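Single-structure report; data block below.
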Amino acid sequence: MKKLLTAAMLAAALPLALTTAAPAAMAEEKAEAELKIPPPPPGKGQILFYRTGGLSGAALGCAVFDVGAEDKLSSLGAGKYFILVSDPGPRSFTVKSLETKDALTLEIEEGETQFVRCKIKTGFMSGRADIGPSTETEFRTKHKNPKMVDADDMSEAVRKTNYPG
């Protein structure tokens, strides 16, 4: 009789135990899946560039350049991101597409991570790259499962930050 009573009590308690453990386990899995953004190195700041996904301009890349430079820092495909470490101070970036060129200047602060979003907007002949400031909240809202830009789509300096070793 005691065994039957113990089994009945366990059977009654099991659904309650599972329902309280499940949210904790799901929250833990979500925290593990969430991108951990490393802090910038001492004396530096950093910019996380990202591109939203979606159908508009899905086949086009968003090539990011330092203003005046011929070599790109990286190309952002849909749903991709990269991190650029920088000395503090003003720094200007540009994105180019067949129809347009857009620019953005940021004041890089020591120890700070800034966020920059690139969108491909509808153009006359092809998509138009658009670059603008963003926030970590917007980045995390738009990117449920962000993917790093492939190493071969980055300049050597950017590759060293994003693919160390």
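No value in this document is a laboratory result; all are computed from the given coordinates. Every value quoted in this text rests on a predicted model; they were computed, and no experiment measured them. Quick reminder, even Gly has a Cβ in these numbers, built from the backbone with ideal geometry, and neighbours come from all protein chains shown.
Cβ crowding within 10 Å ranks LEU35, LEU104, LEU84 as LEU35, LEU104, LEU84, fewest other Cβ atoms first. Neighbour counts of other Cβ atoms within 10 Å put ASP71, ASP66 in the fewest-to-most order ASP71, ASP66. Which of LYS36/LYS96; LYS44/LYS96; LYS36/LYS101; LYS96/LYS121; LYS121/LYS160 have a Cα-Cα distance over 21 Å? In this structure, LYS36/LYS96; LYS44/LYS96; LYS36/LYS101; LYS121/LYS160 lie more than 21 Å apart at Cα.
Note on THR105 and VAL67: the model spin-label points, each 7 Å out from Cα along the C-beta direction, lie 0.5 nm apart.
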